[in-house]
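Let me begin by presenting the structure, written as structure tokens, before commenting on it.
The values are calculated or read from the model by the stated rules, or taken from the named source; none is laboratory data. These figures come from a predicted structure and were not determined experimentally. Here the Cβ positions follow ideal geometry from the backbone for every residue, glycine too, while neighbour counts run over all protein chains shown. Side chains included, ligands, DNA and RNA excluded: accessible areas come from the protein's heavy atoms. Shrake-Rupley method; radii C 1.70, N 1.55, O 1.52, S 1.80 Å.
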Amino acid sequence: MKLKVKYLSPDILPLCSKFDDSGYDLRAYLKESVIIPPKSIATIPTGICLELVDYPKDEFTSAELQIRPRSGLTKAGIIAQLGTVDVSYRGEIKVNLMNFSNNDYEVKPGERIAQIVICPVYKPLIESAMELSNTERGEKGFGSSGKA
């Protein structure tokens, strides 16, 4: 499997991660800082386009690129919206940053704002059913599996 990266400017830092890291850091591609007010969202460009090549695929298997938050920003109340980038998308990767804090947050040029992780996707054959099998949880909804 290979990830091709198209850099939209020569001054963008290379997409990389540490050897054992599962994700690749996405950085803010900005000419100047952007302020995200409290309880607001901003869409931040990364200056890169991606293409996943030679990944396992057939009628039941594919892949996706997942945008995930960074723990350091999350601790400060700044959360990158989890998102899926389909393997057919070739445009610039952008990240929605949500400011859940009570303070303005300054996104600086080149700042690491999110991660991208490559994940398999399983696409089962869809079968209509009148009944589903019984389980212990059954139809119990949110929170029904307990806290521990």
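Assorted remarks:
- Residue check for Arg112: within 30 Å of Ile126 (Cα to Cα) and open to solvent by 50 Å² or more (accessible area, probe 1.4 Å): no
- Ser22 meets each of the listed conditions (1) without any contact (Cβ under 8 Å) to a residue 60 or more places away in the chain; (2) within 16 Å of Ile118 (Cβ to Cβ); (3) part of a loop (DSSP other than H, G, I, E, B) apart from (1).
- Residue check, Ile67 open to solvent by 80 Å² or more (accessible area, probe 1.4 Å), among the hydrophobic types (A, V, I, L, M, F, W, C) and either assigned to a strand (DSSP E or B) or out of contact with any helix residue (DSSP H, G or I) (no Cβ under 6 Å at 6 or more places or on another chain) (or both): no
- Beta carbons closer than 8 Å, at least 6 apart along the sequence or on distinct chains, pair a first residue in segment 122-148 that is under 30 Å from Tyr55 (Cα atoms) and open to solvent by 100 Å² or more (accessible area, probe 1.4 Å) with a second that is hydroxyl-bearing (Ser, Thr, Tyr) and modelled with pLDDT of 85 or more for Tyr122/Thr61; Lys123/Thr61; Lys123/Ser62.
- When Ser101, Ser88 are checked against the criterion of being touching a residue at least 60 places away in the same chain (Cβ under 8 Å) and either under 28 Å from Leu30 (Cα atoms) or not small (Gly, Ala, Ser) (or both), a single residue qualifies: Ser101.
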